[in-house]
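Asks: Here's a structure for you.
Throughout, read-outs are computed from the coordinates displayed, never taken from laboratory work. Just so it is clear, the structure is predicted and the values come from calculations on it, not from any experiment. With ideal geometry, Cβ positions are generated from the backbone for all residues, glycine too; neighbour counts draw on all protein chains shown.
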Amino acid sequence: MATKLKYFSLVFFVLMLSGCFKTELPVYSQSHHKRVSHSSYASTYKVRAKDTLYSIGRRFGIHYKTLARKNHIRYPYTIYIGQRIYLKGVAPRSRTLPVAKHQYKPKRVKKSFKKTPKKHSTKRYVRKSTKSLRLRWPVNGVLTSPFGRRGSRMHDGIDIGVKEGTPVHAAAAGEVVYSDHRLTGYGKLIIIRHRHDLFTAYAHNQRNLVRKGDKVKAGDVIARVGHTGHATGPHLHFEVRRGPTPVDPLSYLPKKH
């Protein structure tokens with residue numbers, strides 16, 4: 001047996017020396033790290049996705065700052081897909097890049113600006129719509145406290161004295177955005193949002209008859225007058241707000257004769 005093994009080993013060794021039996025190591029691709037010699041690359045390179053000036057320079061064995069100087073590319077060395085990078089010689093100067101021109105379209109931007117109304121015309125529209133928006137009195141009673149400063153504090157609405165249980169009417173059509181009693185001092189409170197960013201608030205109610213999300217029309221009964229919260233007697237505290245800013249309700253209500 002030992003003699004046969006020696007015989008096969010000798011034959012194997014002779015075949016290797018004669019070149020009839022070749023062994024090869026597996027070849028691994030090193031394309032990401034291999035540098036191309038100066039004599040083998042073309043004069044230009046077309047930028048592809050995920051290319052950077054640094055990666056291109058590393059691929060061709062050229063410092064990225066040298067590439068930037070040859071191609072008139074300034075810091076932060078921005079390049080574009082499809083852009084020609086000159087590897088040999090110097091790129092001709094160009095004021096505009098085709099890709100940059102394609103990305104920015106000044107004509108369309110200019111047209112969109114023309115369609116935008118001027119500031120002063122928008123303001124005139126808001127003032128006009130504010131004057132045309134009139135409210136109705138939520139209850140028919142006596143004005144007991146006007147809008148404005150009351151002692152050291154600001155009174156953000158008006159108080160209307162009326163009997164307890166009197167129906168409270170919506171001052172205009174809108175949507176109920178609050179109907180609860182969680183705001184300190186207001187007791188049972190209802191807030192309605194109207195058009196033109198206008199809000200009305202009805203406080204100290206005995207009962208709220210609408211819920212959040214309800215749509216109401218001008219004159220709909222939404223509550224009953226009470227004295228819940230910080231109130232000395234039955235009355236309706238009525239506020240008008242434009243956005244978050246309280247305004248005098250009397251400027252929106254018809255004058256009483």
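Asks: 5 Å is the cut-off here: which amide hydrogens, built 1.01 Å from N in the peptide plane, fall below it relative to Asp180, excluding neighbours closer than 5 in sequence?
Replies: Leu189
Asks: Sticking with the crude label model, points 7 Å out along Cα→Cβ, report the distance from Thr232 to Ala49 in nm, one decimal please.
Replies: That separation, rounded to one decimal, is 7.6 nm.
Asks: At most 13 other Cβ atoms within 10 Å and a DSSP loop assignment: could you name the trypsin sites (Lys or Arg not before Pro) in region 142-195 that fit? Write out the running numbers ahead of the final one.
Replies: On the way: sites: Arg149, Arg150, Arg153, Lys163, Arg182, Lys188, Arg193, Arg195; in loops: Lys163, Arg182, Arg195.
When the trypsin sites (Lys or Arg not before Pro) of region 142-195 are filtered for loop state and at most 13 Cβ neighbours within 10 Å, Lys163, Arg182, Arg195 remain.
Asks: I'd like the Karplus ³J(HN,Hα) series for region 222-227: coefficients 6.51, -1.76, 1.60, θ = phi - 60°, whole numbers in Hz, and an x wherever there's a Gly or Pro.
Replies: Once θ is set to phi - 60°, the couplings for region 222-227 become 10, 6, 10, 5, x, 9 Hz.
Asks: How far is it, in nm, from the label point at Ile81 to the one at Thr245 when both lie 7 Å from their Cα along the line to the Cβ?
Replies: 4.9 nm
Asks: If neighbour count is taken as other Cβ atoms inside 10 Å, put Lys255, Lys70 in order from fewest to most.
Replies: Placing the least packed residue first, the sequence is Lys255, Lys70.
Asks: Please arrange Val168, Val247 by counting, for each residue, the other beta carbons lying within 10 Å of its beta carbon, fewest first.
Replies: Val247, Val168
Asks: For region 195-203, what does the Karplus curve 6.51 cos²θ - 1.76 cosθ + 1.60, with θ = phi - 60°, yield as ³J(HN,Hα) per residue in whole Hz, taken in order and with x for Gly and Pro?
Replies: Result, ordered by residue: 5, 6, 6, 9, 10, 10, 10, 10, 10 Hz.
Asks: Now a separate question. Report the one residue of Gly233, Pro146, His181 whose Cα lies farthest in the direction of the positive end of the charge dipole of region 133-251 (charges on C-beta: Lys and Arg +1, Asp and Glu -1; origin at the Cα centre).
Replies: Value computed over the given set: His181.
Asks: With label points built 7 Å along Cα→Cβ from the Cα atoms of Val142 and His72, find their separation and express it in nm.
Replies: With each label placed 7 Å out from Cα toward Cβ, I get 8.7 nm.
Asks: Sticking with this structure for a sec: Report Rg/Rh for region 133-251, rounded to two decimals, where Rg is the Cα radius of gyration and Rh the Kirkwood radius.
Replies: The Rg/Rh ratio comes out at 0.92.
Asks: Calculated FRET efficiency, Val177 and Ser152, Cβ-Cβ r, R0 22 Å, to nearest 0.05?
Replies: It comes out at approximately 0.15.
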